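Here's the structure, in structure tokens; my notes come after.
What follows draws every value from the coordinates through simple rules; no lab data is involved. Small disclaimer: the values here were computed from a predicted structure and weren't measured. Every residue, glycine among them, receives a Cβ derived from its backbone with ideal geometry; neighbour counts consider all protein chains shown.
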Amino acid sequence: MGAGFSGAVIARKLAEAGLSCLVVDERDHPAGNCHTSEDAETGIMIHRYGPHIFHTDDDEIWAFVAKFGEWMPYRHSVFATVGGEVYSLPVNLLTINQFFRSAMVPAEAEEFIKTLQPPIADPANFREQALSMVGERLYETFFRHYTEKQWGVEPELLPASILKRLPLRFSYDSNYFHHRQQAMPRDGYTAIVAAILDHRNIELRLGVASETLTETFDHTFYSGGIDRYFGYCLGDLGYRTLRFEEVRTTGDGLGCPVMNFPDPGTPWTRMTEHRHLSPWRNHRSPVSIIWKEYAQSAVRGSALFYPLRLAADERLLEAYVGLARQRPGVTFFGRLGSYAYIDMDAAIRRAIDTAAVAVRALTSGNSPPAFVHQPLGKA
Ligand code: UDP
């Protein structure tokens with residue numbers, strides 16, 4: 001299994017049950033795409049694969065991660081620069097009043113937005129979901145082009161679930177997330193994941209691709225792309241990858257952690273100013289580090305970030321799932337292994353559940369199933 005959050009959690013749970021685990025990751029660091037490390041010049045903690053904010057309503061998950069390091073209270077704020085103005089995200093009462101040049105109170109805004117919503121009973125894709133939530137003009141301004149840049153396809157081809165991640169608020173609450181717990185690890189995510197992996201029954205090998213292993217194992221847990229596991233024999237699943245371009249400024253560059261650019265003319269999707277992701281740190285350096293984020297199609301060997309899940313991907317996934325079910329001895333899990341757009345807390349929840357099933361099976365002489373969470377169905 002890889003050394004990302006999901007793999008580390010499964011390994012920990014197996015190790016605590018007395019099973020020995022080898023964790024192998026082709027990268028030279030643990031924590032997968034959550035990896036953080038300090039910039040050598042400024043000491044700023046950099047989210048090496050883009051901004052990751054931990055948030056959850058699941059008390060068990062919160063209690064679990066809290067055991068492995070100190071977490072700092074954090075409230076994520078995101079703004080959008082579009083049409084020569086800066087708006088507050090997620091779409092909230094300030095966004096609505098600024099956009100429509102109005103001063104509505106919550107109930108008025110809610111009634112007003114209802115008048116913009118076309119009657120779509122069961123939104124079938126991202127566009128329909130967005131239109132039925134905020135109507136045409138807000139969709140065109142804030143969602144359509146950002147989504148085209150992020151996913152590289154028309155929003156009509158994307159699942160509605162992608163937009164359901166974002167709240168719409170008829171208040172001035174601009175907290176990007178609505179979960180009860182929202183926090184950042186004081187010393188970065190990599191320290192947390194390294195602590196999860198720190199157990200006498202876990203051996204960690206970094207910089208090693210799983211394909212190069214020659215030992216045999218009682219069971220394999222695979223958190224890479226399922227298409228890669230099968231040597232891409234049926235074809236390549238679609239993924240998006242990200243490219244980051246660094247800008248160093250003096251002083252506060254953005255004034256917030258993340259600025260989105262939902263207009264079609266700007267090639268990047270968002271900018272992240274890393275020092276604002278660790279507001280409790282005493283940043284002595286006058287230099288600030290901003291990353292511009294560009295989304296693009298992944299090719300073999302790319303760092304994978306988002307499963308695309310177009311209709312053709314769903315069909316291919318079904319075929320790979322069929323292969324996986326005929327291959328005893330391997331369990332697929334995690335954002336890549338199960339080809340699901342899940343957040344950190346959901347990945348940890350699934351890893352804990354997967355480990356529970358696996359421990360029961362392995363300690364009673366049975367083989368754990370290929371999937372504990374079914375990867376097919378509504379994305
Ligand atoms: N999105 C958008 N405009 C925005 C922010 C988000 O259209 O300003 C859409 C876009 O399709 C994105 C999805 O909402 O992929 C989820 O956004 P989120 O901020 O949760 O993305 P993540 O941080 O996971 O990349």
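By the helix-only formula, in which each DSSP H run with n ≥ 4 contributes -39500 (n - 2.57) and the sum is divided by residues, the chain has a 222 nm mean residue ellipticity of -8500 deg cm²/dmol.
With the cut-off at 1.5 for a/c, could you classify region 10-85 from its C-alpha gyration tensor as rounded, prolate or oblate? Because a/c hits 1.5 or more and a/b exceeds b/c, region 10-85 counts as prolate.
The stretch between Leu116 and Asp218, if pulled fully straight at 0.36 nm per residue, gains 31.0 nm over its current Cα-Cα span. In a fully extended conformation the segment linking Leu206 and Arg248 would gain 12.1 nm over its present Cα-Cα distance, using 0.36 nm per residue.
Think of region 299-366 as having a plus end and a minus end, set by charges on the Cβ of Lys, Arg, Asp and Glu; of Leu316, Tyr306, Tyr341, Leu316 sits farthest toward the positive end of this dipole.
From the Kirkwood radius over Cα pairs of region 195-293, Stokes-Einstein at 20 °C and 1.002 mPa s returns a whole-number translational diffusion coefficient of 118 µm²/s. Karplus-based coupling profile of region 71-79, in residue order and whole Hz: 10, 9, x, 8, 10, 7, 10, 10, 10, with θ = phi - 60° in 6.51 cos²θ - 1.76 cosθ + 1.60 and x standing for Gly or Pro.
With the highest mean first, a sort of the peptides 329-335, 352-358 on other beta-carbon atoms found within 10 angstrom per residue produces 329-335, 352-358. Hull volume per residue, based on the alpha-carbon atoms of region 1-42 and their convex hull, is 79 Å³.
Just the number, please: percent antiparallel of the DSSP beta bridges in the chain, rounded to the nearest 5. Close to 75 percent. Spread over its residues, the convex hull of the C-alpha atoms of region 310-379 is 74 Å³ per residue. Share of pairwise Cα-Cα distances greater than 11 Å in region 48-87 is 76 percent (whole percent). Between Phe221 and Thr331, the built amide H atoms are under 5 Å apart, and every one of these is 5 or more places off in sequence or on another chain.
When a/c is below 1.5 the answer is rounded, else prolate if a/b is larger than b/c, else oblate, so apply that to region 255-375 with a ≥ b ≥ c taken from the square roots of the Cα gyration tensor eigenvalues. Taking the square roots of the gyration eigenvalues as a ≥ b ≥ c, region 255-375 is oblate. The Rg/Rh ratio of the chain, with Rg taken over Cα atoms and Rh as the Kirkwood radius over Cα pairs, comes to 0.97.
If a spin label sat at a point 7 angstrom from the Cα of Asn282 along the line to its beta carbon, the backbone N atoms of region 17-41 nearer than 20 Å would be those of 38-41. Residues Cys256, Cys233, Cys34, arranged from fewest to most other Cβ atoms within 10 angstrom of their Cβ, appear as Cys233, Cys256, Cys34.
In order along region 82-97, phi translates into HN-Hα couplings of 7, x, x, 10, 10, 10, 8, 10, x, 3, 9, 4, 5, 4, 5, 5 Hz, rounded to whole numbers, per the Karplus curve 6.51 cos²θ - 1.76 cosθ + 1.60 with θ = phi - 60° and x for Gly and Pro. Between Ser37 and Arg137, full extension at 0.36 nm per residue minus the direct alpha carbon distance yields a gain of 32.0 nm.
Shape index of region 91-203: Rg/Rh, with Rg the Cα radius of gyration and Rh the Kirkwood radius from the inverse mean 1/r over Cα pairs, equals 1.14. Partner lysines whose Cα lies under 26 Å from the Cα of Lys292, excluding those fewer than 8 positions away in the same chain, are identified as Lys149, Lys164. Inter-part distance, region 273-330 to region 242-258, computed on C-alpha centroids, equals 20 Å.
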